[in-house]
2 protein chains.
Amino acid sequence: MWDIAENLGAMLIFAEHRYYGESLPFGQDSYSDSKHLNYLTSEQALADFAVLIRELKSSIPGARLSPVIAIGGSYGGMLSAWLRMKYPNVVVGALAASAPIWQFPGMVPCGDFYKIVTMDFAKSGFDCDVNIRRSWKAVDNISSTAPGLQWLSEEFSLCAPLKNNQDSIGFKAWLQESWVNLAMVDYPYQASFLQPLPAWPIKAACKHLSFSSAVSDYSLLRGVSEAVKVYYNFTGNTPCLNTSQTATGSLGFLGWYYQACTEMVMPMCTDGVQDMFEPQEWDFQAFSDECHALFGVRPRADWAETAYGGKDIRSHSNIIFSNGGLDPWSGGGVTRNMSDSLVAIVIPDGAHHLDLRYNNERDPPSVRAARALEVKYFKEWITEAAAAA
Amino acid sequence: MWDIAENLGAMLIFAEHRYYGESLPFGQDSYSDSKHLNYLTSEQALADFAVLIRELKSSIPGARLSPVIAIGGSYGGMLSAWLRMKYPNVVVGALAASAPIWQFPGMVPCGDFYKIVTMDFAKSGFDCDVNIRRSWKAVDNISSTAPGLQWLSEEFSLCAPLKNNQDSIGFKAWLQESWVNLAMVDYPYQASFLQPLPAWPIKAACKHLSFSSAVSDYSLLRGVSEAVKVYYNFTGNTPCLNTSQTATGSLGFLGWYYQACTEMVMPMCTDGVQDMFEPQEWDFQAFSDECHALFGVRPRADWAETAYGGKDIRSHSNIIFSNGGLDPWSGGGVTRNMSDSLVAIVIPDGAHHLDLRYNNERDPPSVRAARALEVKYFKEWITEAAAAA
């Protein structure tokens, strides 16, 4: 956006989503209970953006007739697409980057997400996925004894030592989420989106995981430890690893979890065969019970499809869906053109919304081409809007 | 709908809007205060309809793949259009009959509504509009004395006699609303939409109002009394006229008034020159104060335009906007095609959503043609949907 704004004569506006960052409608009480959380919905957020855009256009000198394009990545990309769908009078088009608008029940197989993560590791080093798949049993074996738990805690430099079987389950979940996050941010250059990381971080991590099958549990997990520290300690300044956290800074985890527990129900599953994780079926009831325990709410599994159209979005227009081939979220993305003006772009070498990042000399040609195409569409929409005004 | 359903192989579903009729979310308390009324919005109603349609399609045998067309008149027509705009995945198209989707602030002149009412009376009898315009001053003159008030009360067979100046203001407002209602239901045959009425009721009323300019206030108001009784006492069974009511049965007046006081802000005004009423400017502040006094809420004048697109609805598709040339609400309707699939139909001899009524041998050719065209579009949408499925 910063790279192209001047060329397009554009003003950039970054709008904060209600209940995130400093946009707390009830201040400190915003997250206190479901009554206060009740206004945290994607529909309300879209209405905020629509009102904000109209307000800015009426109050900023010269902006009254300016066409507006919505741009966002991830959930922000979903919101961008939905803003165009629901308020086509407010935005002339949208770039929905790495927006998994089809990650809802019944739209894509629940296992696609983790299959893509696995593929990223499989192609980034010899038997990297195979060794991660083996590591779960190795953790089970070693964590079955007290000295084993102690060894794991020390080897992984954990801030809080593992004490029992329950802790080791949490430890495996944390490892799994670390691999997922690495897949999301597998960028071709050093970057600091979820964590400060080297270029192509999965390749860097997989260097520690290229064992043949004969390796011992201890050696294997020593490799896992080195690999996971590529993610958590690339700077060398991390004193210990905190298994209750997988990203630096606040991405508003609790807010997103509440949204997942109400409208944004995204089924995920693993089978341990087509992916490198322990088998875990999608269990809506368990998820619903967890939501109820945590927030006092139960998710409405079908609402996202009703509200946002699911696969039936052909009647909309002027939306670009860009997807990274390395990004697990591309499994729930729109990767084929739906019409002349609902356009899919796939960036085979791209991770999570790489196209939204600054231009970089190490950018693969596929993302350069994607950005050029995106700008071409932006210009078309602007021309269309000027003609219609 | 009943006339064409069989031919189209259609099931007819009539969904009741929340807070109207028996659909009271909090039972007797639904209207008790603004906290309980908070869920009465057009957006929530649209969501209800979307959820209902999906539920019916999934539960009624054989309905799963059936395309759905939204049909409605007046506010129901607005909802039909908006349902297609906001949930094009749920309905393949909409017939918005006499739907004043542009009756919101800044979209059409606030005086158009009453100009159309006036035109209806002007063309339905000699000087009919002129004499109604004169009648307001006559009411003022006569109601300025106690015997005059008594004479008026008796002449108009009022259930509650007029007692003072305040009552006579209310009396004039009631007369004005009666003329408006007559314009809405100026059908070519006997009908009972707002009241039981003869064919072409304005013509029947105007028979009593064809005075030359020399007439006295008393004679003029005797004529007004006869004319208004065409509306209130066509059956001859009305013992007295109740000035606090202008329609038989419940059209959910209070619910609509709350909606007008929140989202559905519809500016209206008169100038006494281009219309036959006493001049009255649109006063948003006064309206807002009235809303606050009554419901504890204040209207959001711009929200309807933000939410539903105002004049900028070109990106939508498959909506028919039908309008009656006699209907005052056509002033806020879409009367020109916006695109190949946003189609306007004008029925010059039609009052409020005449096209939605049963076929009748006295139907003017214009409404027969409109209905035929509507069915043609319905069939196209159904064919389109089948091709896309």
Q) Has the range B:126-149 got at least one residue that is assigned to a loop (DSSP other than H, G, I, E, B), open to solvent by less than 40 Å² (accessible area, probe 1.4 Å) and not acidic (Asp, Glu)? A) no
Per the list (1) open to solvent by 10 Å² or more (accessible area, probe 1.4 Å); (2) in contact (Cβ under 8 Å) with a residue 40 or more places away in the chain, residue check on B:Ala370 breaks on (1)
Per the filter on the range B:366-389, residues at pLDDT 95 or above and among the hydrophobic types (A, V, I, L, M, F, W, C) are B:Val367, B:Ala369, B:Ala370, B:Ala372, B:Leu373, B:Val375, B:Phe378, B:Trp381, B:Ile382
Note on the range B:28-44: residues within 14 Å of chain A (Cβ to nearest Cβ) and open to solvent by less than 40 Å² (accessible area, probe 1.4 Å) are B:Thr41, B:Ser42
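Answer yes or no: is there a residue in the range A:254-262 that is among the hydrophobic types (A, V, I, L, M, F, W, C), open to solvent by 60 Å² or more (accessible area, probe 1.4 Å), assigned to a loop (DSSP other than H, G, I, E, B) and modelled with pLDDT of 95 or more.
No, that holds for no residue.
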Sole miss for A:Gly62 among (1) away from every other protein chain (no Cβ under 13 Å); (2) outside any helix (DSSP H, G or I); (3) modelled with pLDDT of 95 or more is condition (3)
Reported set for the range A:63-72 where residues are open to solvent by 20 Å² or more (accessible area, probe 1.4 Å), of a type in the set (A, V, I, L, M) and out of contact with any strand residue (DSSP E or B) (no Cβ under 7 Å at 6 or more places or on another chain) is A:Leu65, A:Val68
Of all helices (runs of 4 or more DSSP H) fully inside the range B:159-240, the set with 2 or more residues that are open to solvent by 50 Å² or more (accessible area, probe 1.4 Å) and in contact (Cβ under 8 Å) with a residue 12 or more places away in the chain is B:165-184, B:217-232
When every residue in the range B:30-59 that is touching a Phe, Trp or Tyr at 6+ places or on another chain (Cβ under 7 Å) and assigned to a loop (DSSP other than H, G, I, E, B) is compared, the one farthest from B:Ile382 (Cα to Cα) is B:Ser30
Selection from the range A:266-283 of residues in contact (Cβ under 8 Å) with a residue 24 or more places away in the chain and open to solvent by 30 Å² or more (accessible area, probe 1.4 Å) yields A:Met268, A:Asp271, A:Gln274, A:Glu278, A:Trp282
(Q) Residue under question is A:Ala286, and the condition is that it be assigned to a helix (DSSP H, G or I), of a type in the set (A, V, I, L, M) and buried (at least 17 other Cβ atoms within 10 Å of the Cβ); does it hold? (A) no
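Only one residue in A:Arg298, A:Arg336, A:Arg362 is more than 14 Å from chain B (Cβ to nearest Cβ), outside any helix (DSSP H, G or I) and in contact with a Cys (Cβ under 9 Å, 6 or more places away or on another chain). Which one? Before you say what the answer is, go through the steps one by one.
On the way: A:Arg336 fails: in contact with a Cys (Cβ under 9 Å, 6 or more places away or on another chain); A:Arg362 fails: in contact with a Cys (Cβ under 9 Å, 6 or more places away or on another chain).
Residue meeting the stated conditions: A:Arg298.
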query: Taking A:Ala293, is it within 14 Å of chain B (Cβ to nearest Cβ) and either of a type in the set (D, E, K, R) or not in a loop (DSSP other than H, G, I, E, B) (or both)?
result: no
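Counting only residues that are of a type in the set (Val, Ile, Thr) and either open to solvent by 20 Å² or more (accessible area, probe 1.4 Å) or at pLDDT below 95 (or both), how many does the range A:73-112 have?
The first filter runs over the range A:73-112 and keeps only residues of a type in the set (Val, Ile, Thr), leaving A:90-92, A:101, A:108.
This time we only want the ones that are either open to solvent by 20 Å² or more (accessible area, probe 1.4 Å) or at pLDDT below 95 (or both), so: A:92, A:108.
Residues that pass the stated criteria total 2.
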So, first residue among the β-branched types (Val, Ile, Thr) in the range A:9-21, second residue modelled with pLDDT of 95 or more, Cβ within less than 8 Å, six or more apart or across chains; the pairs are A:Ile13/A:Leu52; A:Ile13/A:Ile53; A:Ile13/A:Leu56
With the first residue restricted to the range A:87-102 and required to be within 13 Å of chain B (Cβ to nearest Cβ) and under 17 Å from A:Ser42 (Cβ atoms), and the second required to be aliphatic (A, V, I, L, M) and in a strand (DSSP E or B), Cβ contacts under 8 Å at 6 or more apart or on different chains are A:Val91/A:Ile69; A:Val91/A:Ala70; A:Ala94/A:Ile69; A:Ala94/A:Ala70; A:Ala94/A:Ile71; A:Ala94/A:Ile319; A:Ala94/A:Ile320
Within the range A:314-329, the residues that are facing chain B (nearest Cβ under 8 Å) and out of contact with any Pro (no Cβ under 8 Å at 6 or more places or on another chain) are A:Arg314
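The values are calculated or read from the model by the stated rules, or taken from the named source; none is laboratory data. Everything quoted here is computed from the prediction, not taken from an experiment. Cβ atoms come from the backbone with ideal geometry, glycine included; neighbour counts cover every protein chain shown. In case anyone asks, the SASA skips ligands and DNA or RNA and just uses the protein heavy atoms, side chains included. Shrake-Rupley method; radii C 1.70, N 1.55, O 1.52, S 1.80 Å.
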